[in-house]
Every structure is written in C-alpha cells, then in structure tokens.
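We did not get these values from a lab; they are worked out from the coordinates using the rules stated. Just so you know, these numbers come straight off a predicted model, no measurement behind them. Don't worry about glycine lacking a Cβ; one is built from the backbone with ideal geometry, like all the others, and counts go over all protein chains shown.
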Amino acid sequence: MIHKKNIWVWISLGLLCLLIVSLYMAATYYSEGERYKRLYEQYKSLYEKIVEEYENIMARMIKVNVLIDYGNGTSEYHNEILVQRDSTLFEVMKRIAKIDYITSEYGVFITHINGVGGETGKYWLWYFLNVTSGEWEMLWESCDKHIMQDGETVAWNYTASWG
C-alpha cells in the first residue's frame, strides 16, 4: 500500500511541477505577446510616417530624360531621372555627368561633358523634344535658366553647327 501511495505522490508532484511550468510559460508568452504588440504598434507608426514622408518627397519630384550625343557615333541615355521640381537643366547635368563650364552674363555655357569638348569650332548645344510636333527644338537660353518640366526630354549634341 505504501508503495502505491508513493507513486501517487510522485505523480501529483510531477503534475504540480508541470502545472507550474505551464503557468510560467503562459505568463511569459502573454507578457512577450504584449511586448511584441507594443513593438508592432511602434513599428507600424514609424512605417506610416516613413510612407507619408516618402509620398511628400515624391510629390516634389519629377521625371526627366536626357540624351547625350558625343558627336562621334556614341550616345548616352538617362531615362526617367528623378529630380526635384523646379530643377534647372544645369542641375540635372551636374547629377548625371562630369561637366566643365564657364559662366557669363548670359548664363552657364557647358564646355565639356564627361571629358568630351574643347575642340575649336565645336560646341555643346542642347535641344528639347517638342512632344506636340515630335521635333527637336533649340531654346536660346542657357541651361541654368531652363527649368525642367515633368516628362521633358532634352538632348545634348556636340556639334559644329548652331541649329
């Protein structure tokens, strides 16, 4: 009889230990769940702020396209460059290429693009694509005066001719 009583005592103690461990695990799981819930809310809030900031930044950005024709049969295309609204063509060129330039009372005149330029009688001229006519047209203003428009395409051409 004593032997059967000891087994039930050990089984009872084992079940009591199992109950204590289970309660501890449940309490830990619950507190961790609350902690993760707080972290989730915190990260969700940060994410929403970042998305809002990104949307504000993108609302101030435009996409432009630039073609650089080196006049020797090679060309370089820079499509859908994101720039701030009200950027000048000069600012765009400083972002996409290594340029050398001079300034005068008329504005900025680009002399070299990516090391190409400086030959007597040849110039870097820029044109914009008239989307209505589909023709390249020259604007007689310096690149630091031209404000880029959303979707605008410009081409730089190293050439000996003025138009």
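Under a 10 Å cutoff between Cα atoms, tell me which one of Ser31, Ser142, Ser75 has the largest fluctuation in the Gaussian network model of the chain.
Of Ser31, Ser142, Ser75, the most mobile in the Gaussian network model is Ser31.
How high is the relative contact order of the stretch 61-159, in percent, counting Cα pairs under 8 Å that sit 6 or more residues apart? Could the numbers behind the result be given before it?
Working: 190 pairs, mean separation 37.0, N = 99.
Result for the stretch 61-159 is 37 percent.
For the pair Asn130 and Val51, how long in nm is the line joining their label points, each one 7 Å along Cα→Cβ?
With each label placed 7 Å out from Cα toward Cβ, I get 4.5 nm.
Rg(Cα) of the stretch 1-59 divided by 2.2 N^0.38 Å? Could the numbers behind the result be given before it?
Working: Rg = 25.1 Å, N = 59, 2.2 N^0.38 = 10.4 Å.
That works out to 2.42 for the stretch 1-59.
Given the rule -39500 (n - 2.57) for each run of at least 4 DSSP H residues, summed and divided by the residues of the chain, what is its mean residue ellipticity at 222 nm, to the nearest 500 deg cm²/dmol? Each step should come with its number before you reach the end.
On the way: 2 runs with 66 residues, N = 163.
About -14500 deg cm²/dmol.
Extension gain Leu23-Lys98, at 0.36 nm per residue separation less the Cα-Cα distance, in nm? Present the calculation step by step, with values, prior to reporting the outcome.
Numbers: separation 75, 0.36 × 75 = 27.00 nm, distance 6.80 nm.
Extra length available between Leu23 and Lys98 comes to 20.2 nm.
Counting other Cβ atoms within 10 Å of each Cβ, which trypsin sites (Lys or Arg not before Pro) in the stretch 27-67 have at most 16 and sit in a DSSP loop? Provide the component values of the computation, followed by the final result.
Numbers: sites: Arg35, Lys37, Arg38, Lys44, Lys49, Arg60, Lys63; in loops: Arg60.
Taking the stretch 27-67 and a limit of 16 other Cβ atoms within 10 Å, the loop trypsin sites (Lys or Arg not before Pro) found are Arg60.
Sticking with the crude label model, points 7 Å out along Cα→Cβ, report the distance from Glu91 to Met58 in nm, one decimal please.
2.1
Give me the one-decimal nm value for the distance between modelled label points at Arg35 and Thr159, 7 Å along each residue's Cα-to-Cβ direction.
With each label placed 7 Å out from Cα toward Cβ, I get 6.9 nm.
For the stretch 48-163, please report how many Lys pairs fall under 28 Å Cα to Cα, leaving out neighbours fewer than 8 apart on the same chain.
So the count works out to 9.
Gaussian network model of the chain, Cα springs within a sub-10 Å range: biggest mean-square fluctuation belongs to which of Tyr123, Tyr24, Tyr101?
Tyr24
Please go through the stretch 81-122 and write out the GluC sites (Glu not before Pro) that DSSP classes as loop and that have at most 10 other C-beta atoms within 10 Å. Spell out each step's value before the answer.
On the way: sites: Glu91, Glu105, Glu119; in loops: Glu105, Glu119.
Here the sparse-neighbourhood loop sites are Glu105, Glu119.
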